[in-house]
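Down below is the structure, laid out as structure tokens.
The values are calculated or read from the model by the stated rules, or taken from the named source; none is laboratory data. Here the structure is a predicted model, which is why all the values come from computation and not from measurement. Cβ atoms come from the backbone with ideal geometry, glycine included; neighbour counts cover every protein chain shown. Side chains are part of the model used for accessible areas, which takes the heavy atoms of the whole protein and leaves out ligands, DNA and RNA. Shrake-Rupley method; radii C 1.70, N 1.55, O 1.52, S 1.80 Å.
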Amino acid sequence: MPVWQQVYEEINDPDFVILCVAEDTGGEAVAGPIFDAAKATYIQIVDADHIISSAFNFVNVPSAAWIDEEGRIVRIDEGTYAKIHELGNKEQSIKFGNDVYTPALRDWVEKGAKSEFVQSVETVTGNIRELSFDQQKADAAFRLANLFREHGLTEKAEEYWNLTQTLNPESINFFRQNLTLSEEGSAGQSFMERRGEYESQKKDYYRPLDMDS
Amino acid sequence: MAAAFMAYPELRHPFEAKPIHAEGSASVLYQGRQITLSETGSGPGLLINPDDLKRISGFELKPEGACYADMCIPLNSKLLTTQNGKQWFDLTAFADLLEQPYVFDQASSVWSFAEIPAKRDNMMVNGMAPDFEIPDRQGNVIRMTDLKGKKALIVTWSSW
């Protein structure tokens, strides 16, 4: 996460913190080297159980919340990229991300409640995803699966990972964490098909950024 | 064929088999913590020693009920039961009452609980950040309450 490190250093305000939370079920073995390569100095968390995503009802990565000094959420649950990323070469590349989020973040750190990017309580609560009983139950099933995995009980881990996805088929996090621990990987055929389904149904893969409100 | 992108099949099941808890014990998963209970009551639900309630869920037994912050759930004979002269608190009946989802694996004696919905009202209704407690990579425990007085960007990512 070198880009967040850069943002953190540029903002350089002792009263501003970044909690960068890796949702990899592969844990420290996967996420640790990425944090280390970024020479991260912000708060680094490896969250194999998706505790933070559960707390904020996130279903995809990257997702973020801005929280003010009083503990009030002032923005939540947006497809959060710090810049435009480009994968591939000049002839053929994929671009994703945006260049409006970081300036907005900087504006908020500087101006606080006066920042035009701070949202009202109504907007914030309206943007928090409502999770059904079964979707919340999926979180519990996921942690049970992870406990079995950590104790070498592979069949039970698989059984409860499957239950997790049955209970919450909408969660991109659960879907992709499962794929990333497979031969196919998290950006293979299954992912492309899923993404295609989203596009054909005109569903948002990420909640779009709305920096006008 | 091109190498699979973001694939870690070797990390799917890298761990040796080992017991989850001592024989005869039970475990509860709650908010990312594993709480091992050396004794539980017999019955279809999870009957815990009433003294264990606080370390599991933060709720405390008081004369007015099971209480957390300014919320108190009145007790009844279903929640607090007696077996052979010993008192037990029925954690699964409590969860049912509060509409708190859970899954359990009977053969392993492990119960995994999702968050208690009433503890999340302050976020869903008032937009206040939820409480959480999680270790960082250096082993420091990070709590939402520790961030008071600072602006925080909480951002999730993954290698995938």
Could you tell me whether A:Val100 is over 25 Å from B:Asp131 (Cβ atoms) and either hydrophobic (A, V, I, L, M, F, W, C) or in contact with a Pro (Cβ under 6 Å, 6 or more places away or on another chain) (or both)?
yes
Go through A:Pro169, A:Pro208 for me and flag whichever is touching a residue at least 60 places away in the same chain (Cβ under 8 Å) and surrounded by fewer than 17 Cβ atoms within 10 Å (Cβ to Cβ).
A:Pro208
Search the range A:80-121 for residues being outside any helix (DSSP H, G or I) and of a type in the set (Phe, Trp, Tyr), and hand back the single one that is nearest to the other protein chains (Cβ to nearest Cβ).
A:Tyr81
I'm trying to understand the selection: among the residues of the range A:87-103, which are surrounded by fewer than 18 Cβ atoms within 10 Å (Cβ to Cβ) and modelled with pLDDT of 75 or more?
A:Asp99, A:Val100, A:Pro103
Filter pass, A:Ser171 being in contact with a helix residue (DSSP H, G or I) (Cβ under 8 Å, 6 or more places away or on another chain) and more than 19 Å from A:Asp139 (Cβ to Cβ):
no
Anything in the range B:97-110 that is within 9 Å of another protein chain (Cβ to nearest Cβ), open to solvent by less than 40 Å² (accessible area, probe 1.4 Å) and not polar (S, T, N, Q)? List them, or say none.
B:Pro101, B:Val103, B:Asp105, B:Val110
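Condition check ((1) in contact with a Cys (Cβ under 8 Å, 6 or more places away or on another chain); (2) within 7 Å of chain B (Cβ to nearest Cβ); (3) farther than 22 Å from A:Tyr206 by Cβ; (4) open to solvent by 20 Å² or more (accessible area, probe 1.4 Å)) across all residues:
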residue	(1), (2), (3), (4)
A:Asp15	no, yes, yes, yes
A:Ile67	no, yes, no, no
A:Ile73	no, yes, no, no
A:Glu78	no, no, no, no
Inspect all residues belonging to the range A:150-173 and state whether any of them is in a helix (DSSP H, G or I), touching a strand residue (DSSP E or B) at 6+ places or on another chain (Cβ under 7 Å) and under 18 Å from B:Ile154 (Cα atoms).
no
Could you grab me the full set of residues in the range A:28-54 that are within 18 Å of A:Arg143 (Cα to Cα) and open to solvent by less than 10 Å² (accessible area, probe 1.4 Å)?
A:Ile45, A:Asp47, A:His50, A:Ile52, A:Ser53
Counted residues in the range B:59-72 being within 17 Å of B:Leu97 (Cβ to Cβ), out of contact with any Asp or Glu (no Cβ under 7 Å at 6 or more places or on another chain), open to solvent by 20 Å² or more (accessible area, probe 1.4 Å) and free of Cβ contacts under 8 Å to residues at least 40 places away in the same chain come to 4
Step by step: first the residues of the range A:22-47, then only those that are among the hydrophobic types (A, V, I, L, M, F, W, C) and assigned to a loop (DSSP other than H, G, I, E, B), then the one that is farthest from the other protein chains (Cβ to nearest Cβ). Which residue is that?
A:Ala38
Could you list, in sequence order, the residues of the range B:131-150 that are under 20 Å from A:Ile128 (Cβ atoms) and either among the hydrophobic types (A, V, I, L, M, F, W, C) or surrounded by 20 or more Cβ atoms within 10 Å (Cβ to Cβ) (or both)?
B:Phe132, B:Ile134, B:Met144, B:Leu147
Counted residues, the range B:14-47 - those being within 13 Å of chain A (Cβ to nearest Cβ), polar (S, T, N, Q) and either within 21 Å of A:Ala138 (Cβ to Cβ) or touching a residue at least 40 places away in the same chain (Cβ under 8 Å) (or both)
3
Just give me the residues in the range A:135-155 being open to solvent by 40 Å² or more (accessible area, probe 1.4 Å) and more than 7 Å from chain B (Cβ to nearest Cβ), in sequence order.
A:Glu155
Have a look at B:Phe89, B:Phe94, B:Phe113 and point out the one that is within 8 Å of chain A (Cβ to nearest Cβ), open to solvent by less than 30 Å² (accessible area, probe 1.4 Å) and of a type in the set (Phe, Trp, Tyr).
B:Phe113
